[in-house]
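Beneath this line is the structure, given in structure tokens, with notes to follow.
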Amino acid sequence: MAKLKIGVFGAGRGMTMIHQLLGNPYADVAAICDKHRPTLDRAGKAAEDAGVKVELYERFDDFFNADMDAVVMANYAHEHAKFGIKLLNSGRHIMSEVLTCASLAEAVELIETVERTGLTYAYAENYCFFNTTYEMKQRYQRGDIGEFMYGEGEYIHDCSSIWPQITYGERDHWRNRSNATFYCTHSFGPLVYSTGLKPIKVQAVEGVQQEFMRKLGDRSGSFGVELITMENGGVVKSIHGGLKREPGSVNYEMYGTKGSMETDRWEGGNLHVYIEGDRNCVGEHTKYRPEFTIKDAQGAGHGGGDFFTTHYFIRSLLGDEDAKKNSIDVYMAVDMCIPGILGFRSILNGGNAVEIPNLRLKTERDKYRNDTFCAFEESAGDMFVDAMTMQPDKSETPDEVYAEVRRRWLAGEPG
Ligand SMILES: NC(=O)c1ccc[n+]([C@@H]2O[C@H](COP(=O)([O-])OP(=O)(O)OC[C@H]3O[C@@H](n4cnc5c(N)ncnc54)[C@H](O)[C@@H]3O)[C@@H](O)[C@H]2O)c1
């Protein structure tokens, strides 16, 4: 059987997927696109070193015409739906990096495009595939802790030292403009993936922007917190953003009617489980390091998670039913993402609850079909709301700030 021809759009984070694909027995990297030539050349060199011939493109429109069966989308986080819809309409399967979409209107269009084309959409939320979070899913689905009552997801990552390397001094870079609750799927996603529950309501707050990020050109709250009610009445607290803690904190807790599970705050890779017996408040606590379900994941980035997203995507395209079951489809991807968009609406309403639609239901779609509300002006049109709207200091960031960040990026200096 001929190997699948895979395109990679965006060769920064996209390098991770390129490395996962080089040497894959079922798929070849066929084309890579990045408008930044040095990044593109670095990716081309990695392929060449592995003996794989790839076409390199700086422009998306040229890449679009390349011979590809599927595309890995590692371009800007707020443009995945926009470009993904074009690719699906041209007959290509897609795997999307985080985030899913910029607005509710895009969520509706993305879902309808996947339904109409019948092609594969996979969401690369790699935090669902740690040895710990994947184990939480298995145990929850087995019923070990009973019915979900409360959970927490935490993604604390102070990016200030790498800000020049990830925003390049571009005022309009999505990282400088995202509302504080936008990047919510690393914290919230694993709770959705484990429980399979749909979110129905969100209340959110954001942290006050701090000087150390303002000086780097960021224009949003320092962190976002979403309180999300799930369809069974359970509640999730999702927090993410740049707080001071090294190494960063990636943690999950789940409480059910028969017990609880949580990751280890300082010793990553461990899972704590409490299971209650027949008597209230009497049970057993165990702590262990879950094994990877596939040994090849050992050593892959993000606690092995980077292996599984690409692996399940490729295996799904080959018709592997187990891979399809493990992969995150477009409905779940939207469930993980839209609480962050609607969370911003809640922040603007002083933290009041905002309903989260179930966009699997065609009857719920019309209300959101034209809802372009978001903090990205080019996607939002007249529904644009600046991410700084609720911040105490909304003063403009001078051009010199971005010039200095750019200088540091080019000089390889930290933020
Ligand atoms: N899952 C994870 O652990 C993880 C980690 C890092 C980044 N990400 C995600 O990966 C994506 C990429 O992030 P990044 O860190 O590489 O930074 P980024 O968003 O700045 O990089 C995007 C890359 O795509 C290129 N690009 C964007 N639009 C383009 C266009 N229209 N034409 C040609 N090239 C274009 C840029 O030049 C850049 O190299 C983002 O969506 C981010 O959220 C995920």
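A few notes on this one:
- So M15, is it under 20 Å from the mean Cα position of the chain (by Cα) and within 10 Å of the ligand (Cβ to nearest atom): yes
- Residues of the range 383-415 classified as surrounded by fewer than 10 Cβ atoms within 10 Å (Cβ to Cβ) and within 28 Å of the chain's Cα centre (by Cα), total: 1
- Matching residues, the range 125-148, being outside any helix (DSSP H, G or I) and either in the same structural domain as E79 (by TED's automatic domain parsing) or crowded, with 17+ Cβ neighbours inside 10 Å (or both): E125, F130, I145, F148
- In the range 172-215, the residue that is surrounded by the fewest Cβ atoms within 10 Å (Cβ to Cβ) out of those that are within 16 Å of the ligand (Cβ to nearest atom) and more than 29 Å from N358 (Cβ to Cβ) is D172.
- Residue in the range 285-302 that is under 22 Å from H78 (Cβ atoms) and within 19 Å of the chain's Cα centre (by Cα) present: yes
- Selection within the range 41-59 - near the ligand (Cβ under 10 Å from one of its atoms) and buried (at least 18 other Cβ atoms within 10 Å of the Cβ): A43, Y57
- Just so you know, in the range 68-85 the residues that are out of contact with any His (no Cβ under 8 Å at 6 or more places or on another chain) and among the β-branched types (V, I, T) include one that is farthest from D34 (Cα to Cα), and it is I85.
- Of the candidates T397, T363, T309, the single residue that is part of a loop (DSSP other than H, G, I, E, B) and of a type in the set (V, I, T) is T397.
- The residue list P357, P414 contains one member that is in contact (Cβ under 8 Å) with a residue 60 or more places away in the chain, assigned to a loop (DSSP other than H, G, I, E, B) and either aromatic (F, W, Y) or within 21 Å of A102 (Cα to Cα) (or both), which is P357.
- Any hit, the range 174-190, residues being touching a residue at least 40 places away in the same chain (Cβ under 8 Å), in a loop (DSSP other than H, G, I, E, B) and more than 16 Å from L342 (Cα to Cα): no
- Qualifying residue in the range 41-48 (condition: assigned to a loop (DSSP other than H, G, I, E, B) and either closer than 14 Å to K5 by Cβ or touching a residue at least 12 places away in the same chain (Cβ under 8 Å) (or both)): no
- Matching residues, the range 277-297, being under 17 Å from H311 (Cα atoms) and not charged (D, E, K, R): F292, T293, I294, A297
- Filtering the range 291-335 to residues that are in contact with a helix residue (DSSP H, G or I) (Cβ under 6 Å, 6 or more places away or on another chain) and among the polar types (S, T, N, Q) leaves T309, T310, S316, N326, S327.
- Elements of type strands (runs of 3 or more DSSP E) in the range 236-303, at least 3 residues being under 18 Å from L191 (Cβ atoms), of a type in the set (D, E, K, R) and not assigned by TED's automatic domain parsing to the domain that holds G151: none
The values are calculated or read from the model by the stated rules, or taken from the named source; none is laboratory data. Remember, it's a predicted structure, so these values are computed and weren't measured experimentally. Here Cβ is always computed from backbone atoms with ideal geometry, including for glycine, and neighbour counts include all displayed protein chains.
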